[in-house]
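The values are calculated or read from the model by the stated rules, or taken from the named source; none is laboratory data. None of these values were measured; they are calculated from a predicted model. Cβ placement follows ideal geometry from the backbone for every residue including glycine, while neighbour counts extend to all protein chains displayed.
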Amino acid sequence: MKISPFALTLSLILAAPILAQADDASRDQEIIERFTKCDANKDGKLTKEEAKGCMPRIYNNFSYIDNSGKGYVTVAQIQAMANR
């Protein structure tokens, strides 16, 4: 069975959103795992000090992610930044 170039291209275009969702889910899971490992006191909040040696990109962008100045970031905030 031969597949036309048009059909192949169309199928790849239609599959792209599904693949992107899989990438987002994989990224979100990796963030959760790393966040859990770095959250030393297991309070569900990551301080800049906790991020320092464990999540360097979070540490380097901490004030941007913690735009309200609370002194901590949550896994949801990190995921939102990663999925932009």
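Yes/no matrix, rows are residues, columns are (1) of a type outside the set (Gly, Ala, Ser); (2) modelled with pLDDT under 55; (3) more than 23 Å from GLY71 (Cβ to Cβ); (4) not in a helix (DSSP H, G or I):
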position	(1), (2), (3), (4)
LYS2	yes, no, yes, yes
THR9	yes, yes, yes, no
ALA16	no, yes, yes, no
ASP24	yes, no, yes, no
ARG27	yes, no, yes, no
ILE32	yes, no, no, no
LYS37	yes, no, no, no
ASN41	yes, no, no, yes
GLU50	yes, no, no, no
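For TYR64, are the conditions met, namely being modelled with pLDDT under 95, among the hydroxyl-bearing types (Ser, Thr, Tyr) and assigned to a helix (DSSP H, G or I)?
Here the answer is yes, as TYR64 does meet what is asked.
Looking at (1) at pLDDT 95 or above; (2) out of contact with any Gly (no Cβ under 9 Å at 6 or more places or on another chain), can you tell me which one THR74 breaks?
So THR74 meets the others, but not (2).
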